[in-house]
Amino acid sequence: MEKKLTREEAKKRIEWLRKEIWRHNYLYYVLNKPEISDEEYDKLMEELRRLEEQFPEFITPDSPTQRVGAPPAKEFKTVRHVKPMLSLDAVHKEEEIRAFDRRVKKELGVENVEYAAEPKLDGLSVELIYEDGRYVRGSTRGDGVNGEDVTENIKTIRAVPLVLRDEEIPLPKMLAVRGEVIMHIKDFEELNKELIQRGEEPLANPRNAAAGSLRRLDPNETAQRPLDIFFYEIMHVEGDGIKIETQWEALQALKKWGLKINPLAKLCKNIEEAIEYHHEMEKKREMLDYEIDGVVIKVNHLDYQEKLGAKTRSPRWAVAYKFPPRKEETQILDIVVGVGRTGILTPVALLKPVDVKGVTVSRATLHNEDYIKEKDIRIGDWVRVARAGDVIPEVVEVIKEKRTGKEKEFRMPKRCPVCGSHVVKEGAYYRCTGGLSCPAQLKRSIEHFASKNAMDIEGLGGKTVELLVEKGLIKRISDIYRLTKRDLLHLPRFAEKSAKNLIEAIEKSKNKGLARLIFALGIPNVGEHTARILAEKFKSIDRLMNATEAELLAIKEIGPETASSIVNFFREERNRKEIEELKKLGVKMEYEEEKGKLKGKVFVFTGALKDFTREEAKELVEKEGGIVANSVSRNVDYVVVGEKPGSKYEKAKELGLKIIGEEEFKKLLGIEKKEEKEEERGKILTLDEFIKMKRNTK
Ligand code: IVH
């Protein structure tokens, strides 16, 4: 093993390691010429991490080890950009780009203009600020003037250097740089696979995935997402010895500072070369591992840019020259209906297979009934299908000239094509009401049924549910209670102990009471809070099952949408049957008066509490029969305000709700008094111990 370093030696080694790691990052991300293998790189990181652990006094915020670990934010702060982050006007045709060039030349009074051209990335625009070469802030574009502070989230992107290089060009005192955060197509596909496996909705396209991933309140979640970035514009720079006169020089400077630019950028001598570049990139597009939807053409000279100026939202010196969408003509052979995991029915066009730029397309989503009506799509129609960055192709238009009169109109079915339950219309969507018995919704229904706040069956999560459904052991909700230890022992994931634990957890869940059961049924629009109210009002599942819409609407907290969801759910014979089955299998459906001093009281938290995490506070409220809601509404009894409260606080004031601080909250729970009592008895508990004790004695 290595010898133990002295403090001084460690400091030196740490500094060397950091420099070396940043150098390899630069070689890998910016120059695309790595000198070492991933394993060797990991070794350097590992050594640095170890030394920093031993000598934490040497940790600095810009150390490459410090990308992750920031705590989750309550909400994003708003920050003002150094100057407005403009958008771009888009053009689609060659004449339009020539007209742009003519306007530019006329305005400048010159014969010819050079352009810097780059791929237009389909991602999310961000601003990064470096002070004295150190990364200090990152924000999303927002409305262009103000954005969201996502400093910690951006820090987790590996291609973002936390310190700039000064080997070839002096460090700027201040640099504001704009770039685009993207997700590579293969990472996006991988992520979607994972999401589907976990029972979550897949994301529509890499851009949404990048935006959603960057804007996680918990930066540690962003860190798990494979994001990348390209930089393309200096918004502001200050510093001695830095002279940048063109966009092209700006790109080279960014690169020298270690900020990755797009290697496909090109300096074009005139508009002809820029048009040529557009064609080249359109061909290249299919080979790239990230999405681009056009090229951006920017006047190269910055003094020309300044002269041309900007309109409110877009500059006069740049334009997005978009690619035509990837479209092909084909025929709709039939329209079928798929049922999603949430019971939503989606019409899908079955197409005569057609190649859309390298991908054979034989199905396209038609979204919903309104979409079909609006575009007047009929079975037998000739249509254009497009793949516009999205993985799921779309029918963009009907070629009406090709109609023969034999085309057939499509109607949404009245019964679910998967389980035969009734279908109801909710806004633009149709939903299958057979939530408890529809195989299309089964995995999701079970996961929800077993989840912590519902029947709380520990061990019955994503992967296990998947396995049980796939092996045919669970075909409907009630099958959960038919599982035996023997069944489980035949499965790959289970051994004696884990099988025993799951069976016990299932058994225990039979006595969770009416409120949890109602929530567990997964009736659309019925959350925990509504479920409790229903349990309290109706006191038995049978009475709730037979409630009329009018009876439900008489309850203050229940609106028309929820009332009709409930009625529709229980009208479905298949659901009623499942509930009967559950009853027969021993699931208790009686209402037990809840005890506790906060019975039925609704709490909302905003801002950070000093002595509890949100989870702890929620647990304490619920132990006393209270309810914690996520958003402020008139139904809320107490709004507990901690440090740096968010917009909920303002809203609570507007609604005139009761607002209390942490101390008062503790009083409501009786925490202070108890603490004193404990002290009287000569035993002083820390708050943590107290919470633990309270949990155990309840
Ligand atoms: S330059 C004032 N260059 O496209 C000009 N923008 O439709 C600033 N975009 O909001 C933008 N790739 O998010 C520029 N190479 C590129 C780009 C690019 C993608 C985005 C950017 C902008 C949007 C405008």
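Residues that are within 16 Å of the ligand (Cβ to nearest atom), under 32 Å from the mean Cα position of the chain (by Cα) and polar (S, T, N, Q): does the range 286-308 have at least one? So far as the range 286-308 goes, no, none of its residues is within 16 Å of the ligand (Cβ to nearest atom), under 32 Å from the mean Cα position of the chain (by Cα) and polar (S, T, N, Q). When residues in the range 479-524 are screened for being without any contact (Cβ under 8 Å) to a residue 60 or more places away in the chain, more than 16 Å from ALA450 (Cα to Cα) and not in a helix (DSSP H, G or I), 7 of them pass.
Among the residues that make up the range 119-133, is at least one of them within 16 Å of the ligand (Cβ to nearest atom) and outside any strand (DSSP E or B)?
Of the residues in the range 119-133, the ones within 16 Å of the ligand (Cβ to nearest atom) are 119-128.
Imposing the further condition that a residue be outside any strand (DSSP E or B) reduces the set to 122-123.
Yes, some residue in the range 119-133 is within 16 Å of the ligand (Cβ to nearest atom) and outside any strand (DSSP E or B).
Can you name the residue in the range 374-388 that is within 32 Å of the chain's Cα centre (by Cα) and in a strand (DSSP E or B) and is also surrounded by the fewest Cβ atoms within 10 Å (Cβ to Cβ) among such residues? The extreme case among them is ARG384.
If we scan the range 73-84, do we find a residue that is among the aromatic types (Phe, Trp, Tyr), assigned to a helix (DSSP H, G or I) and either more than 16 Å from the ligand (Cβ to nearest atom) or more than 35 Å from the chain's Cα centre (by Cα) (or both)? Steps first, please.
Narrowing the range 73-84 to residues among the aromatic types (Phe, Trp, Tyr): 76.
Those left that are additionally assigned to a helix (DSSP H, G or I): none.
Within the range 73-84, not a single residue is among the aromatic types (Phe, Trp, Tyr), assigned to a helix (DSSP H, G or I) and either more than 16 Å from the ligand (Cβ to nearest atom) or more than 35 Å from the chain's Cα centre (by Cα) (or both).
Selection over the range 434-478 of residues that are on the phi > 0 side of the Ramachandran plot and free of Cβ contacts under 8 Å to residues at least 12 places away in the same chain gives a count of 1.
Would you confirm whether or not the range 219-227 contains a residue that is surrounded by 22 or more Cβ atoms within 10 Å (Cβ to Cβ), more than 16 Å from the ligand (Cβ to nearest atom) and under 14 Å from the mean Cα position of the chain (by Cα)? Yes, there is a match, as at least one residue in the range 219-227 is surrounded by 22 or more Cβ atoms within 10 Å (Cβ to Cβ), more than 16 Å from the ligand (Cβ to nearest atom) and under 14 Å from the mean Cα position of the chain (by Cα). Go over the candidates SER633, SER564 one by one and state the one that is touching a Leu at 6+ places or on another chain (Cβ under 9 Å), among the small types (Gly, Ala, Ser), farther than 30 Å from ARG415 by Cα and touching a residue at least 12 places away in the same chain (Cβ under 8 Å). Result of the check over SER633, SER564: SER633. Scanning the range 444-493 for residues that are at pLDDT below 90 and within 15 Å of ALA520 (Cβ to Cβ) gives ARG444, LYS452, ASN453, GLY461.
Could you please find all residues in the range 173-189 being among the acidic types (Asp, Glu), at pLDDT 90 or above and more than 16 Å from the ligand (Cβ to nearest atom)?
ASP187
Here TYR277 fits the description: more than 34 Å from the chain's Cα centre (by Cα) and closer than 28 Å to ILE185 by Cα.
Restricting the first member to the range 244-271 and to residues that are in contact (Cβ under 8 Å) with a residue 24 or more places away in the chain, and the second to residues that are crowded, with 21+ Cβ neighbours inside 10 Å and of a type in the set (Lys, Arg), the beta-carbon pairs closer than 7 Å and six or more apart or on different chains are GLN247/LYS298. Considering the range 472-526, the residues that are buried (at least 16 other Cβ atoms within 10 Å of the Cβ) and hydroxyl-bearing (Ser, Thr, Tyr) include one that is nearest to GLY625 (Cα to Cα), namely SER509.
Take GLU107 and decide whether it is out of contact with any Cys (no Cβ under 9 Å at 6 or more places or on another chain) and within 15 Å of the ligand (Cβ to nearest atom).
On the way: out of contact with any Cys (no Cβ under 9 Å at 6 or more places or on another chain): yes; within 15 Å of the ligand (Cβ to nearest atom): no.
Against the criterion (out of contact with any Cys (no Cβ under 9 Å at 6 or more places or on another chain) and within 15 Å of the ligand (Cβ to nearest atom)), GLU107 does not qualify.
Counting the residues of the range 395-443 that are part of a loop (DSSP other than H, G, I, E, B) and either modelled with pLDDT of 90 or more or surrounded by 14 or more Cβ atoms within 10 Å (Cβ to Cβ) (or both) gives 24.
Considered as a group, the residues in the range 317-358 that are surrounded by fewer than 16 Cβ atoms within 10 Å (Cβ to Cβ) and within 20 Å of MET281 (Cβ to Cβ) include one that is nearest to the ligand (Cβ to nearest atom), and that residue is PRO324. Within the range 627-668, the set of residues being over 13 Å from PHE605 (Cα atoms) and small (Gly, Ala, Ser) comprises just one member, GLY656.
Which residues, taken from the range 1-46, are over 30 Å from PRO263 (Cβ atoms) and under 31 Å from the mean Cα position of the chain (by Cα)?
Step one: list which residues in the range 1-46 are over 30 Å from PRO263 (Cβ atoms), which gives 1-15, 46.
GLU46 - this is the single residue of the range 1-46 that is over 30 Å from PRO263 (Cβ atoms) and under 31 Å from the mean Cα position of the chain (by Cα).
Would you mind stating whether ARG198 is within 22 Å of the chain's Cα centre (by Cα) and away from the ligand (no atom under 16 Å from the Cβ)? Yes.
The values are calculated or read from the model by the stated rules, or taken from the named source; none is laboratory data. What you are looking at is a predicted structure, and each value in this text was computed from that prediction instead of being measured. Note: ideal-geometry Cβ built from the backbone for every residue, glycine included; neighbour counts use all protein chains shown.
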